[in-house]
Amino acid sequence: ETGVTQTPRHLVMGMTNKKSLKCEQHLGHNAMYWYKQSAKKPLELMFVYNFKEQTENNSVPSRFSPECPNSSHLFLHLHTLQPEDSALYLCASSQASEETQYFGPGTRLLVL
Amino acid sequence: AQSVTQPDIHITVSEGASLELRCNYSYGATPYLFWYVQSPGQGLQLLLKYFSGDTLVQGIKGFEAEFKRSQSSFNLRKPSVHWSDAAEYFCAVAAGDYKLSFGAGTTVTVRA
């Protein structure tokens, strides 16, 4: 596959569940991002990783836990989420020295 | 901090007609500017970007955008829209710190 891929594409979970979102980029980039897209709101940057190191945590609640084992993979671990966390979660990647970001298709999350 | 305003929440245009989407930014220096498009259920696709040089930028799918420093604007245009252009369009700005700030988006509906 090419570009940025995300799995799963859709996820339904209860508030007591634990799940993980996966992102993989095939572009040779070294920076990766998690965004949250809620209805009628601008995209919210959640986390930034440069060369596997977290460089940005935009005041995200601890029930969201990112992990970046290498420059090609990014995970978002979810636990004890709230219904208001239902949203489209987008992953993006870029070269660490460039502003142009390339996005994956997103994971549509529904928390019941 | 930089910010982006997209004044139009929703635009309806006839197929074959021209389209212009407005974007205004707030930033002290010349920012890096982007337009992304999001089709239903999909991630964001980069249409075009402006970093420097010629203020009229050509992008994919027949889109162009013009940077006007005096108006702090970066409006997106297409001379003749196709039904497949129905989507949500996002303007974004980066202020040299590799973090994108997005506008709230403009939804484009194309009528036959």
Practice task
Would you compute the Debye intensity of the stretch A:49-112 from its alpha-carbon atoms alone, equal scatterers and no solvent, and pass along log10 I(q)/I(0) at q = 0.13 Å⁻¹ to two decimals?
Solution key: -0.40
Fill in the blank from the handout: Note, the stretch A:59-70: 3J(HN,Hα) by Karplus (6.51, -1.76, 1.60, θ = phi - 60°), whole Hz, Gly/Pro = x, goes 6, 7, x, 5, 5, 9, 10, x, 8, 10, x, 7
Practice task
Provide the packing ranking of A:20-28, B:33-41, i.e. peptides ordered by the mean count of other C-beta atoms within 10 Å per residue, highest first.
Solution key: B:33-41, A:20-28
Handout entry: Selection of trypsin sites (Lys or Arg not before Pro), the stretch A:32-112, meeting DSSP coil and at most 10 other Cβ within 10 Å
Key = A:Lys40
Problem - J(HN,Hα) series, the stretch B:97-108, from Karplus relation 6.51 cos²θ - 1.76 cosθ + 1.60, nearest Hz, glycine and proline x - result: 10, 6, 10, 8, 10, 9, x, 6, x, 10, 8, 10
Problem - Mean Cα-pair separation over length for the stretch A:16-112, i.e. relative contact order, pairs under 8 Å, 6 or more apart, % - result: 33 percent
Practice task
Report the normalised scattering of the stretch A:1-41 as log10 I(q)/I(0) at q = 0.21 Å⁻¹, calculated by the Debye formula with identical scatterers on the alpha carbons.
Solution key: -0.89
Fill in the blank from the handout: A correct Stokes-Einstein calculation for chain A, using the alpha-carbon Kirkwood radius, 20 °C and 1.002 mPa s, returns a whole-number D in µm² s⁻¹ of 154 µm²/s
Completion exercise
By the rule of another cysteine's Cβ lying under 4.7 Å, the cysteines of the protein assembly as shown that fail to get a partner are A:Cys68
Exercise for the section: Translational diffusion coefficient, Stokes-Einstein: compute it for the protein assembly as shown using the Kirkwood radius over C-alpha pairs as Rh, at 10 °C and 1.306 mPa s, and state it as an integer in µm² s⁻¹. Expected result: 88 µm²/s
Problem - Over 21 Å (Cα to Cα) - which of A:Lys22/B:Lys49; A:Lys41/B:Lys99; A:Lys40/B:Lys49 fall in this group - result: A:Lys22/B:Lys49; A:Lys40/B:Lys49
Handout entry: Check: the protein assembly as shown dipole with +1 on Lys, Arg Cβ and -1 on Asp, Glu Cβ, in debye
Key = 400 debye
Completion exercise
If B:Arg69, A:Arg9 are placed from fewest to most neighbouring beta carbons inside 10 Å, the sequence is B:Arg69, A:Arg9
Practice task
For chain B, state what percent of all Cα-Cα pairs lands in each successive 5 Å bin, counting from 0 Å until the bin that includes the largest distance.
Solution key: 2, 13, 24, 26, 19, 10, 4, 1, 0
Fill in the blank from the handout: Amide H contacts under 5 Å for A:Met15, restricted to residues at least 5 apart in sequence or on another chain and with H modeled in the peptide plane, are A:Leu112
Fill in the blank from the handout: Amide H proximity to A:Ala96 below 5 Å, modelled H, separation 5+ or other chain, gives A:Asn30, A:Ala31
Completion exercise
Inter-chain shielding metric for A:91-101, i.e. average beta-carbon neighbours from other chains within 10 angstrom, reads 4
Exercise for the section: Before anything else, pin down the relative contact order of chain B: Cα pairs under 8 Å, at least 6 apart, normalised by residue count, whole percent. Expected result: 38 percent
Handout entry: For A:55-63, mean number of other protein chain Cβ atoms within 10 Å
Key = 1
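A short reminder: the numbers here are calculations on the coordinates, not readings from a lab. In this text the structure is predicted, and so the values were computed from the model without any measurement. Virtual Cβ from ideal backbone geometry, glycine too; neighbours counted across all protein chains shown.
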